[in-house]
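Q: What follows is a single structure, and I will ask about it in a moment.
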Amino acid sequence: MKLKPYRWRIASVFFALVIATTAFVGGGSVVLAQGPGTMIAVSGGWRDPACGTENAIFDVRLFKDVGYEGTMWRFCSNYSDFCNSPYGSDSSDALLCANGYDGQTANDYASSAKFVAIYGGPSCYVELRENRNYQGGQYRRWDPVWVDSFVPWPNDVMSSIRRVC
């Protein structure tokens, strides 16, 4: 039996959602996907593996909601595409995000931030960009600062982060 063109797409999306739903075991501490962007589950959110190592070039915590509430993503190294965070580029969530559905990724969700540290000297800054691959509008910070809300900058648009020196 040959499936009609739209039915295989529905089946693919359903399969991806089933994989994403079952990707976590025992309270969300096991990540099945690997690849660039894979983060470590911590209480209340996710942590970049570079945090706390010599590879940390900054320490920025993004929060899903204003006032430092909701899911937290702690970034300590450059990420060119938040679709890969936290599960990795090989995850079903990353694939869905690449096709316009952000789902459980960090893409387009940040509403507040804590810029805890920026390493490399006074000429270095961290920039959040509204599009992947460091494109689009930018939000820059040179010094540690807490940002309770990105307003008037639009909430929920950040898609990449990097340090620039």
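The values are calculated or read from the model by the stated rules, or taken from the named source; none is laboratory data. Just so we're clear, the structure is a prediction, and the values are computed from it rather than from any experiment. Positions of Cβ are backbone-derived with ideal geometry, glycine not excepted, and every protein chain shown enters the neighbour counts.
Q: Considering only residues that are farther than 19 Å from Gly121 by Cβ, touching a residue at least 60 places away in the same chain (Cβ under 8 Å) and surrounded by fewer than 20 Cβ atoms within 10 Å (Cβ to Cβ), look in the range 43-83 and name the one that is farthest from the chain's Cα centre (by Cα).
A: It comes out as Gly67.
Residue-wise test of (1) at pLDDT 95 or above; (2) closer than 17 Å to Val157 by Cα; (3) not in a loop (DSSP other than H, G, I, E, B).
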| site | (1), (2), (3) |
| --- | --- |
| Gly35 | no, no, no |
| Ala50 | yes, no, no |
| Asp59 | yes, no, yes |
| Met72 | yes, yes, yes |
| Tyr109 | no, yes, no |
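Q: Which one of the conditions (1) among the charged types (D, E, K, R); (2) surrounded by 16 or more Cβ atoms within 10 Å (Cβ to Cβ); (3) outside any loop (DSSP other than H, G, I, E, B) does Arg140 fail to meet, given that it meets all the rest?
A: Answer for Arg140: the failing condition is (2).
Q: Inspect all residues belonging to the range 88-107 and state whether any of them is under 11 Å from the mean Cα position of the chain (by Cα), closer than 21 Å to Trp146 by Cβ and either outside any helix (DSSP H, G or I) or not aromatic (Phe, Trp, Tyr) (or both).
A: Within the range 88-107, one or more residues are under 11 Å from the mean Cα position of the chain (by Cα), closer than 21 Å to Trp146 by Cβ and either outside any helix (DSSP H, G or I) or not aromatic (Phe, Trp, Tyr) (or both).
Q: Given the structure, is Val145 exposed (fewer than 14 other Cβ atoms within 10 Å of the Cβ), under 20 Å from Arg47 (Cα atoms) and touching a strand residue (DSSP E or B) at 6+ places or on another chain (Cβ under 9 Å)?
A: yes
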